[in-house]
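Written below as structure tokens is the structure these notes are about.
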Ligand SMILES: [Zn+2]
Ligand SMILES: [Zn+2]
């Protein structure tokens, strides 16, 4: 809870700050404009946050979470090396190396990308150079290999360098035995994007959900790349079925959580989907729907991170 309060405070302060000295990844075409991902969007928030320290939170077994470099990063550590879920962002390379070194001296061996988004994959390049093999779902490899424009972020992402792309490709599922753990990487179909995977550490009963779970905030949904509110709900339902009250659930964003919090997240998605869907089917425009504030009951609690109520309403509307 303490950590979540901090995240909220930082989110509020970044609205007043610029991305500062940290360089913004190049777009492939045109000039960045006011209102894009790296100036006023989530990217700006992650760049600002990356100026601060990495926070390491021990979970169970040899598993830790690192927070502060884009999305949450899960680290399983053993004498044979480290197995990571998500790669964070480039500006925090030194800080991440420091945090990983404190967990233990063994080298990076595997990094699973839960999906293609920048805040989960920009660290791929240095991690691969440090010896890691990158694992991802096939659609994630495709997005990282081509130019991808995201209207909702007003940004065009260039293909990542060949050396930063996944080389172990998951279609539906893959199992790893590593550092005494059995690790299941599974794709349940489209969710937040078309290439989401979850990573389940079976012995420790810890699961990393990537951006199919935002603990306590409205999520981004990548409608242009295979996600939608309905597929996000489907994913949450599958994750609820496959976990128990004892499972530790690591979201892509927000504090480490539990199944009850995932159920709250699912219920929020369903309520907003039903409201926006009913109005859209009556022929109401997005502007009209935003005006009646279909997320009002959730705004105080869920609307304080990088996706505000209007943006979330648009994301839900566009996906229906
Ligand atoms: Zn993310
Ligand atoms: Zn994402």
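Only the coordinates and a few stated rules stand behind these numbers; no lab work does. All figures in this text were calculated on a predicted structure; none of them were measured in a lab. Glycine also receives a Cβ, built like all others from the backbone with ideal geometry; neighbour counts cover every protein chain displayed.
In table form, for the structure just shown:
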{"quantity": "Per residue, the convex hull volume that the Cα atoms of the range 76-116 enclose (Å³)", "calculated": "61 Å³"}
{"quantity": "Bins of 5 Å, starting at 0 and running to the largest distance - Cα pair percent for the range 148-302", "calculated": "2, 8, 15, 18, 20, 15, 10, 7, 3, 1, 0, 0"}
{"quantity": "Spin-label model distance (nm) - residue 182 vs residue 158, 7 Å beyond Cα toward Cβ", "calculated": "4.4 nm"}
{"quantity": "Stretch gain in nm, segment residue 173-residue 281, where the contour uses 0.36 nm per residue and the Cα spacing is subtracted", "calculated": "35.2 nm"}
{"quantity": "Nearest 10 degrees, 0 to 90: helix 309-318 Cα axis against the chain principal axis", "calculated": "90 degrees"}
{"quantity": "Angle in degrees between helix 259-281 and the longest Cα principal axis of the chain, rounded to the nearest 10", "calculated": "30 degrees"}
{"quantity": "Beta bridges by DSSP in the chain, antiparallel share as percent, to the nearest 5", "calculated": "70 percent"}
{"quantity": "Residue-averaged 222 nm ellipticity for the chain, from DSSP H runs of 4+ at -39500 (n - 2.57), nearest 500", "calculated": "-10000 deg cm²/dmol"}
{"quantity": "Ratio Rg/Rh, restricted to the range 271-320 and using Cα atoms, in which Rh is the Kirkwood radius", "calculated": "0.94"}
{"quantity": "Tilt relative to the chain, helix 229-241 - C-alpha long axis, 0 to 90 degrees, to 10", "calculated": "50 degrees"}
{"quantity": "Segment residue 242-residue 296, length gained on full extension (0.36 nm per residue, minus Cα span)", "calculated": "16.4 nm"}
{"quantity": "Spin-label model distance (nm) - residue 57 vs residue 94, 7 Å beyond Cα toward Cβ", "calculated": "2.7 nm"}
{"quantity": "The range 31-120 - share of DSSP beta bridges that are antiparallel (%, nearest 5)", "calculated": "75 percent"}
{"quantity": "Rounded Å value of the spacing that divides the Cα centres of the range 285-320 and the range 85-155", "calculated": "30 Å"}
{"quantity": "q = 0.07, 0.08, 0.14 Å⁻¹: log10 I(q)/I(0) that the Debye formula gives for the chain, counting C-alpha atoms only", "calculated": "-0.25, -0.33, -1.07"}
